[in-house]
1. In bins 20 Å wide, starting from 0, what share of all Cα pairs of the chain does each bin hold, as a percent?
2. Report the net charge of residues surrounding GLY190, where surrounding means a beta-carbon distance below 13 angstrom and charges are Lys +1, Arg +1, Asp -1, Glu -1.
3. Pull out a ≥ b ≥ c, the square roots of the eigenvalues of the alpha-carbon gyration tensor of the stretch 20-99, then state rounded if a/c is under 1.5, prolate if not and a/b is larger than b/c, and oblate in the remaining case.
4. From the Cα gyration tensor of the stretch 236-300, with a ≥ b ≥ c the square roots of its eigenvalues, which class applies: rounded if a/c is under 1.5, or else prolate if a/b is larger than b/c, or else oblate?
5. Sorted from fewest to most neighbouring beta carbons within 10 Å, what does the list VAL220, VAL312, VAL37, VAL109 look like?
6. Pick from GLY292, GLY87, GLY278: which is most flexible by mean-square fluctuation in a GNM of the chain where alpha carbon atoms under 10 Å apart are linked?
7. Taking the number of other C-beta atoms within 10 Å as the exposure measure, put THR303, THR153 in order starting with the fewest.
8. Identify the residues of the stretch 140-155 with backbone N under 18 Å of a label point that sits 7 angstrom from the Cα of PHE228 along the Cα-to-Cβ direction, or state none.
Amino acid sequence: MPTRRMKLIIQIPCFNEEQTLPLTLADLPREIEGFDVVEWLVIDDGSVDRTIEVARAGGVDHIVRLTNNKGLAAGFQAGLDACLKLGADVIVNTDADNQYDGRDIPKLVGPILAGRADMVVGDREVHNIEHFSPLKKTLQRLGSWVVRQASSTEVPDTTSGFRAYNREAAIQMAVVSKFTYTLETIIQAGKLLVAVDHVAIRTNEKTRESRLFPSMWAYVRRNSVSIFRIYAQYEPLKVFMSAAGVLGLAALLVWARFAYFYIVEDEGAGHVQSLILGAVLFNAAMVLAALGVIGDLLAAQRTIGQRTFERVRRIELQLGVEPSHYEPGAAPTGHPPTTGAGAGGATGKTEDREAIRL
């Protein structure tokens, strides 16, 4: 039986990156030990500059061209889908602003090749990055701690976009956030059968300001909302019951205050407002508890939806469905782009399609 060929695809989400994309591509490897094929894929998120032309000139093998700007999370998900359909056994995601050192990709995929992890996140060791302000470093550490608690993982740099996924992990990823994929995929992986690891990686000099958020506080606000929403998706009973417990305790304290004045001081008539406030807090606690129960039922439906999504994706891979919004790139000589399923996929034969219909 012939040995299965291992394929790595490096994907790069882009939005108007004609200036920095050449630097990023120049840093990427074409050969990595453990892989027979290394290919590059660019996700063009509705760019209005020459990003596509620059990508082809740089030798990119595959292009996913979204019609208009959908955001980083949507571009990341489109890239994962395309990489799977192009037969990737391992997918590496990096940024187009050349933030991450491409020479660390072999290190990034090491735990996956060794069978120790399904997903690996590059740790930038934020405290050593000179152009990060002390406030940003503190917020990064705080945010990463919160995500670690929400995901039950040990990833020290949860906002790092330099990460690797094996085929099984990529199949299970389903990003629904409109802002960023970094936090959601870690929390999601922590709740799924995905082993998560991290490795220290290097970063390059800053090439431009981030386009994800207009200010530091906008970044904090958006990420805080994202963490809460994603965690509430997976642990609604814990989130809403905890809030209900806090309000219920507050109601009891207010009622205890009223009881003290009513029984001990014989001044209950002057503290009716405490009785009313306690009733309002108690009702609010009951509403939150009910939301927790409803959320828990919806979480069960979400789990079923996740499993359905995963099975549909596996069927698409078995049938050899072509990637959406796909265009072949201009690969270097002797390295032609592939457009069908590779080592981990199937050929999309007629009998497979007939079997699915039956």
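No lab work stands behind these numbers, since they all come straight from the coordinates. In this text the structure is predicted, and so the values were computed from the model without any measurement. Note that we place each Cβ from the backbone using ideal geometry, even for glycine, and neighbour counts take in every protein chain shown.
1. 26, 49, 17, 7, 1
2. Summing Lys and Arg as +1 and Asp and Glu as -1 gives -3.
3. It is oblate, given that a/c is not under 1.5 and a/b is not larger than b/c.
4. Because a/c hits 1.5 or more and a/b exceeds b/c, the stretch 236-300 counts as prolate.
5. Numbers: VAL220 16, VAL312 10, VAL37 20, VAL109 26.
Ranked by crowding around the Cβ, least crowded first: VAL312, VAL220, VAL37, VAL109.
6. Among GLY292, GLY87, GLY278, the largest mean-square fluctuation in the Gaussian network model of the chain belongs to GLY278.
7. The most exposed by this proxy come first: THR303, THR153.
8. 142-151
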